[in-house]
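Here's the structure, in C-alpha cells; my notes come after.
A short reminder: the numbers here are calculations on the coordinates, not readings from a lab. Note that the structure is a prediction, hence the values are computed from the model and not measured. Here the Cβ positions follow ideal geometry from the backbone for every residue, glycine too, while neighbour counts run over all protein chains shown.
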Amino acid sequence: MSSASASGSAQINKRLRRHTKSHSNERSTGGIIDNEQYYHGLLPRADVRLMLKENGDFVVRMSEPKLGEPRSYVLSVLTDSKLPQEDGNAVKHLVIHNSQKKYWVDNKCSFDSPQALINYYLTPAVQKDETTVIHLVHPVPRQSWELEHDWIQIQKKLGQGAFGEVSMGVFKRKGMMKGITVAVKQAKLEKMGKEQIKEFMCEARHLKTMSHPNIVKFYGVAVLQEPLYMVMELASNGALDSYLKKNPQLPIETRNEMILQAAWGLEYLHSRPVLHRDIAARNCLYGDQKVKISDFGLTRPGTLYQMDLTKKVPIRWLAVETLLNGLYSPKADIWAYGIMCWEIYMSAAEPYPGMTPAAVHVKIREGHRMPIPGHVNADIQKMIQSCWLENPSDRPSMTDITALLQRVTGIPRPNFNENPPINNRAAPKAPAPPASPAGVARPRMSNELPQAPA
C-alpha cells in the first residue's frame, strides 16, 4: 500500500473513532434493516422514483449489482418534486458507506447501524439544519406488491424461464386465512445481466398496474433478498403453446374462443396504452378455459417505441416495419397477434415452417405471407390476413378485431368491471386475499376490417 493510501485510511479510521463517540448512543431499532418498512431491498431506481411524491420522501434500498463491486445500502430521497419523474435529478441517491461496523453518508458523523443513521437525520434539529447533507421527512413504506420471502413456500419446479426457475408454490401473506397456489419466477442476480434484471423488474412494474381476466394475475415481487421472486397466478394448463401441442384435436370452436380471449387481453393493453412487444403463444398461459397474456419483460408504455436493432429479436413474430427500422407501435403487436392466431390454429407449429430466421426476414420484406388453414372461418381468415398488411395504418385495431370475433363466434363480450390493480399502495396491516382480476371494456366499433389483397 502506498504511503498516501495508508495516510488516507488512517484519517478515515481516526474520523470514525471520533464520530463513534458522538453518535454511538443514537436510537437504533436493534434488529436487521430488513425489518424496517422503509427498506425496499433490491428495488431499482426506476421503481423508487414512482414511490416518492413529496420532497423529503425517502427509502433505503440495496445498490444494483455491478461486476466486481460489493453491494451497499443506498438512501434515496426526493429533493425536487417539481421535476418530471423521468428526470434523474429529482432524486438524490446517497451510498451509505460502511467500515469497521460504522455507517455514514458524509464525513461529519457515523453511526452503529443504518437505522441509527436514519433516526438521526429524522430528528427535528437535523431536519431544520440547512447545512446537513440531506433532509429526510417521510419514510415511504413497502407497497402491497412488495412481498416477503417468508410468505412464499416453493413446492416444486415447473420449468425454466428466461430469468431462472419457474416453480409452483403457496403464497400466504400476513392476515390471509388460507394460502393461494401460485407460480413463482425465481431470479438469481449473479446469473443475470443488467438487461435481464431490467426486464424482470419491468415486467413486475407493468403487471402491478393491470387487472383483466385475460392478463395473468400478479400478486407481487419479493426483492428483500435473493433469489428474487415474482409471484403470479398458476394457470392450470401452463403455457398456451405447450397445451396446443399436447391437444392437437382441439375443436375449432375452442380455438376460435382462444383467439378472442387473447384479443380482449391485447385490446386492454392497448387501451392503457402499452405495447407488449412479444405477443406469441409461448408468452400466453391457459387455465380454467381462459387465455391469459403473460411475459411482460419487453413491454413499454405508450404507443411508439424504437428498438435497438443490435438486440436479439424473435424474427418470426416481427412486423415488416420492425424488421426494417426497429419501430414498434400497436400495429406491430397486431401483426404478432395474427401470427399467434396462426399458431393456435396450427397447434403451435413454428411459424414459416421450413424457413430459417434469415430467410423469413427476406421473404417478409418481399411480401410473402403464410397461408391460413382452410378449415378456419372465412371472416377470421380475412382478419388474420389483414393483420399482416404492409402498411401499419391499413391493419385493424384490436377493438375492430374483438368486435368481429364476437360476431363470428357468437360469444358475448363479458362485463369487464374495473377493480383497482395492485399499484403503489402501502400494504395494509391485515390484508385480504387479492381481488379477482377485471378490466376496462372499450366501446365497440365497426365490424369492418381492412381487406387483405387476394
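Structure notes:
- With the simple model of a label 7 Å out from the Cα in the direction of the Cβ, Q306 to H97 spans 4.1 nm.
- Translational diffusion of the stretch 240-409 was estimated from the Stokes-Einstein equation, with Rh taken as the Kirkwood radius over Cα pairs; at 37 °C and 0.692 mPa s the coefficient is 205 µm²/s.
- Note on the stretch 149-233: Rg/Rh from C-alpha atoms, Kirkwood Rh, equals 0.95.
- For W145, distant residues with modelled amide H under 5 Å away: R425
- The ranking of C109, C341 from fewest to most other beta carbons within 10 Å of each one's beta carbon is C109, C341.
- The stretch 129-179: C-alpha gyration tensor shape, a/c 1.5 cut-off, then a/b vs b/c: oblate
- Relative contact order for the stretch 298-341: 42 percent, from Cα pairs under 8 Å spaced at least 6 residues apart, divided by residue count.
- Annotation note: chymotrypsin sites (Phe, Trp or Tyr not before Pro) in the stretch 314-398 located in DSSP loop regions with a Cβ neighbour count of at most 16 within 10 Å are absent.
- Where labels lie 7 Å past Cα in the beta-carbon direction, separation of K382 and M177 in nm: 5.4
- Backbone HN-Hα couplings from phi across the stretch 230-241 [Karplus 6.51/-1.76/1.60, Hz, Gly and Pro as x]: 10, 10, 9, 5, 9, 7, 4, 10, x, 5, 4, 5
- Rg over Rh, two decimals, the stretch 72-208 (C-alpha only, Kirkwood Rh): 1.05
- Contour minus Cα-Cα distance for H138 and R407 (0.36 nm per residue): 91.5 nm
- Additional length obtainable on full extension of the chain from Q37 to S393, 0.36 nm per residue less Cα span: 123.3 nm
- Ordered by the count of other Cβ atoms within 10 Å of each Cβ, fewest first, H149, H93, H206, H276 give H93, H149, H206, H276.
- Of the residues I152, G179, Q225, the one whose Cα sits farthest towards the positive end of the charge dipole of the stretch 149-233 is G179 (charges of +1 on Lys and Arg Cβ, -1 on Asp and Glu Cβ, taken about the Cα centre).
- Order of H270, H135 under a 10 Å beta carbon neighbour criterion, fewest first: H135, H270
- For the stretch 119-134, backbone phi angles converted through the Karplus equation (6.51, -1.76, 1.60; θ = phi - 60°) give residue-by-residue couplings of 4, 5, 6, 8, 5, x, 5, 6, 4, 8, 6, 6, 8, 5, 5, 8 Hz, Gly and Pro being listed as x.
- For the pair L324 and E366, label points projected 7 Å from Cα toward Cβ lie 1.7 nm apart.
- Linear extension gain, E86 paired with D106, 0.36 nm per residue minus alpha-carbon span: 4.5 nm
- The alpha carbon gyration tensor of the stretch 348-399 gives principal lengths a ≥ b ≥ c with a/c of 1.5 or higher and a/b no greater than b/c, which makes the shape oblate.
- Across the stretch 303-404, the convex hull enclosing all Cα atoms gives 100 Å³ per residue.
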